[in-house]
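S.K.: Below you'll find the structure I mean.
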Amino acid sequence: MSLTVQEIAGLLQTRFPDAVLEVDADSRHPGIRVAPESWHDVALFLRDDPRLAMNLLRCISAVDLHPQPYIDVVYDLLSMRPPVSTGGGAADPWSCAGLVAIRVRLPRERAHVRSVADIWPTANWHEREAFDLMGVTFDGHPDLRRILCPDDWVGHPLRKDYVFPTEYHGIPAATGSAADSAGTGEEH
Amino acid sequence: MGWLRNRFEENFAITTIDWALNWARSNSVWPLTFGLACCAIEMMAAGASRFDLDRFGAGAFRATPRQADLMIVAGTVTFKMAARIRRLWEQMPEPKYVLAMGACTVGGGPYFKYGYHVVKGVDLIVPVDVYVPGCPPRPEALLEGLMRLQEKIRAETIAKRAEPA
Amino acid sequence: MTDINPPITGEAIPQPSAAPGTLHTEELLVNMGPQHPSTHGVLRLLLRTDGELVVEATPHIGYLHRCAEKIGENVTPVQFVPMTDRLDYLAAMNNNHGYSLAVEKLCGIEVPERARYIRVIMCELNRIASHLVSFGSYGLDMGAFTPFLYAFREREYILDLFEATCGARLTYNYLTIGGAAADLPEGFLQRLAGFLDYFEPKIDEYNRLLSYNYIFVKRTAGVGVISAADAIAYGLTGPCLRGSGVRWDLRRCVPYEIYDRFEFDIPIGVPGGTDDIPPEVVVGDSWSRYFVRMLEMKQSVRILRQCLRQIPDGEYRAKVPRVLKLPAGEVYLEVEGARGQLGFLVVGDNGPIPRRVKVRGPSFCNLSIIPHVCRQVLLADVAAILGSIDVVMGEVDR
């Protein structure tokens, strides 16, 4: 029995009436917009409530909405249930009991949201990546440091106003191509 | 061969010794296992049964740079990896060669324009002897690169050379 | 050149105090990688070892960070398809497929029937090729050189088929927006049928060669056991999740493309002693994860045979405008890649170039379980666990 996004939103709205800001059930990526302050409580509810049981956090994506001053963090969740009957149905696959995307809108200049790494351990690395590439800070994360770029990298590359580096530890990076003039703003 | 080089004038004995040394060295170029990305898979395919690097004497991939002659840089070089490549190259004993395999090592490859973390060519880090273009190059192309390297090795000599200008 | 050696970070290792009369040992910090024959690419594992026992393993990634997502924000979807090839470069067709499906969903493009069958054929063939590399290199990691040569021999036949279709052996750029870039060549389906007849008995042969080999079983059975709950919590998908006994495969559970028309099983890890499974095997250990891949190759052959029977004639690509305009909106689509669920989030911006392309690499999530599972294991077991998780760094670092 698979829950629709509207039903999931209904359950959330009953429990957290102030947290649910917007429900977008009909688009190609149906989801629910949640207030950043209540996100951690909502996440705990999504995982632990037996009707929802969103046990798989598929992906955390950060989207820069420049020139609007916002960054959207999108959490894609999935509920996997084991097959109900045992014995004869031993070869039945697990079923998908619901798919939803939760969106949290953060201001670009101070992008802070509570970490959910204590709820879904997979979020640990996803949040480190969002911090590294987009500059979103996850409060309460056990080890928030860069994961893909080197530790002494400057800037957050996936931001729309990112300036491409011209060199790194003596190795030239500027190539004289369009990316440099678009990104660096410095001429050589 | 450092102690042999630059001591003797070129003559018949030296050219014969050269021929023998170069024959031995070009037919036993032992590569370092240095697959970084997709080109590594074509390098593995070149070492496997259909394209067989071993018939060139180059099938003994060494995991440690201390025992390797050739560093086939197979795959994209990133800034994070650059320091390690340099260190591995410095750990290889002379005579050592570098073969830049694939478009990424030759000049940045498909990541040339928007790859902020990609080094635009491994020759910015280590000196390269042979460039093999392709994305990824076919195993036959890698074999051609190896054969060019063998030609380069065969052209070496231990005789005294005139000082470069 | 200035000093490009990175500074050593991390706290000092607390040294155990030696009781009088006992041997004083120290813990060592050992770097496994980024250049290492067994790390399947540029992965650095920082191991804290107490003699031969690994107390803690910390993966450091990013050595192959090739800025795929930044490139995705600057080129059109058709131009990005070849970059998706280079994510999981061992199963490149699956990546092309996933990204094309995501963009088609965003733009509402309907793909013709024949194109869909071509896509499934290519994806399943590439899954077999990828599992062959995994089988060969896992044997190589455990010290067996022969499986590697056999695996690559079979793989060459598959690559011949790919080369005949699209001209490339590894990075294809074939399953593009709207369908496939070209139709299947003359005689392809007969050649594929011939390959399947040749290949299917080989899987049993390789099981006899490696899977049930005493040394291999001793090195991998019972090593690196991951429970089903841990696997789901850490976001493991693909053969790693199925090796822990969770019968979950996107092709059956959240079907996409035309996978609901095919009959195939989802192999999972089972306890030792049942059927032919060696008695030392535990559900969720490295041997189970490896064996799931061997069984999956058989299922892929099964799907391919059904494709051969069902494939219709027709168009190989939908009519896609020369300048494809992406409407404003977002789409997140996952496909079952060879290593797990490969997801693409594409945010359109009413223009030809997307605002954001996010790639959810299955190996990125699979690798995150290493610190949890590589605790109090022997040094040799780290290689066994890593080989069974089968990561491709292109997907991890993107």
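S.K.: So, in the stretch B:67-114, of the ones that are within 23 Å of B:Ile41 (Cβ to Cβ) and without any contact (Cβ under 8 Å) to a residue 12 or more places away in the chain, which residue ends up surrounded by the most Cβ atoms within 10 Å (Cβ to Cβ)?
M.R.: B:Arg84
S.K.: Could you list, in sequence order, the residues of the stretch C:68-110 that are in a loop (DSSP other than H, G, I, E, B) and surrounded by 23 or more Cβ atoms within 10 Å (Cβ to Cβ)?
M.R.: The answer is C:Arg86, C:Leu87, C:Asp88, C:Tyr89, C:Leu90, C:Ala91.
S.K.: Okay, moving on. Give the residues of the stretch A:16-40 that are assigned to a helix (DSSP H, G or I) and farther than 29 Å from C:Cys253 by Cα, sorted by residue number.
M.R.: Selection gives A:Pro36, A:Glu37, A:Ser38.
S.K.: For residues in the stretch A:64-92 being modelled with pLDDT under 85 and among the small types (Gly, Ala, Ser), which is surrounded by the fewest Cβ atoms within 10 Å (Cβ to Cβ)?
M.R.: Step by step, filter the stretch A:64-92, then rank; the result is A:Gly87.
S.K.: I need every pair where a residue in the stretch B:18-42 that is at the interface with chain C (Cβ under 9 Å from one of its Cβ atoms) and closer than 14 Å to B:Tyr97 by Cα has its Cβ under 6 Å from the Cβ of a residue that is of a type outside the set (Lys, Arg) and part of a helix (DSSP H, G or I), sequence separation at least 6 or different chains.
M.R.: Within 6 Å, the pairs are B:Leu32/B:Pro65.
S.K.: Which numbered condition in (1) within 14 Å of another protein chain (Cβ to nearest Cβ); (2) part of a helix (DSSP H, G or I); (3) in contact with a Phe, Trp or Tyr (Cβ under 7 Å, 6 or more places away or on another chain); (4) buried (at least 22 other Cβ atoms within 10 Å of the Cβ) is the only one that C:Phe162 fails?
M.R.: Exception for C:Phe162: condition (4).
S.K.: Sticking with this one: Please work out which one of (1) within 18 Å of the chain's Cα centre (by Cα); (2) more than 9 Å from chain C (Cβ to nearest Cβ) is the condition B:Ala63 fails and give its number.
M.R.: Every listed condition holds for B:Ala63 apart from (2).
S.K.: How do the helices (runs of 4 or more DSSP H) wholly within the stretch C:308-398 filter down when requiring 2 or more residues that are farther than 21 Å from A:His126 by Cα: which remain?
M.R.: C:379-389
S.K.: As an exercise: evaluate C:Glu200 against (1) buried (at least 21 other Cβ atoms within 10 Å of the Cβ); (2) more than 14 Å from chain A (Cβ to nearest Cβ); (3) out of contact with any Asp or Glu (no Cβ under 9 Å at 6 or more places or on another chain) and give the number of the one condition it does not meet.
M.R.: So the condition that C:Glu200 fails would be (1).
S.K.: Given (1) within 12 Å of another protein chain (Cβ to nearest Cβ); (2) hydroxyl-bearing (Ser, Thr, Tyr); (3) assigned to a helix (DSSP H, G or I), identify the lone condition not met by B:Thr105.
M.R.: If we test B:Thr105 against (1) within 12 Å of another protein chain (Cβ to nearest Cβ); (2) hydroxyl-bearing (Ser, Thr, Tyr); (3) assigned to a helix (DSSP H, G or I), just (1) comes out false.
S.K.: Being surrounded by 19 or more Cβ atoms within 10 Å (Cβ to Cβ) and either closer than 21 Å to A:Val163 by Cβ or among the hydroxyl-bearing types (Ser, Thr, Tyr) (or both): is that true of A:Arg128 here?
M.R.: no
S.K.: Considering (1) buried (at least 17 other Cβ atoms within 10 Å of the Cβ); (2) over 16 Å from C:Pro34 (Cβ atoms); (3) within 11 Å of chain C (Cβ to nearest Cβ), say which one B:Asp54 fails and leave the rest.
M.R.: Result: B:Asp54 passes all but (1).
S.K.: Kindly list, by first and then second residue, each pair from a residue in the stretch C:348-374 that is within 22 Å of C:Leu87 (Cα to Cα) to a residue that is in a loop (DSSP other than H, G, I, E, B) and acidic (Asp, Glu), limited to pairs with Cβ atoms under 6 Å and residues at least 6 apart or on different chains.
M.R.: C:Arg355/C:Asp349
S.K.: What residue, among those in the stretch A:105-160 that are under 12 Å from the mean Cα position of the chain (by Cα) and of a type in the set (Lys, Arg), is farthest from the other protein chains (Cβ to nearest Cβ)?
M.R.: A:Arg114
S.K.: Sticking with this one: Can you name the number of the only condition in (1) closer than 19 Å to C:Leu241 by Cβ; (2) among the small types (Gly, Ala, Ser); (3) out of contact with any helix residue (DSSP H, G or I) (no Cβ under 7 Å at 6 or more places or on another chain); (4) in a strand (DSSP E or B) that A:Ala91 fails?
M.R.: (4)
The values are calculated or read from the model by the stated rules, or taken from the named source; none is laboratory data. Computed from a predicted model, the values in this text were never measured in an experiment. When we count neighbours, we look across all protein chains shown, and the Cβ atoms used for this are built from the backbone with ideal geometry, even at glycine.
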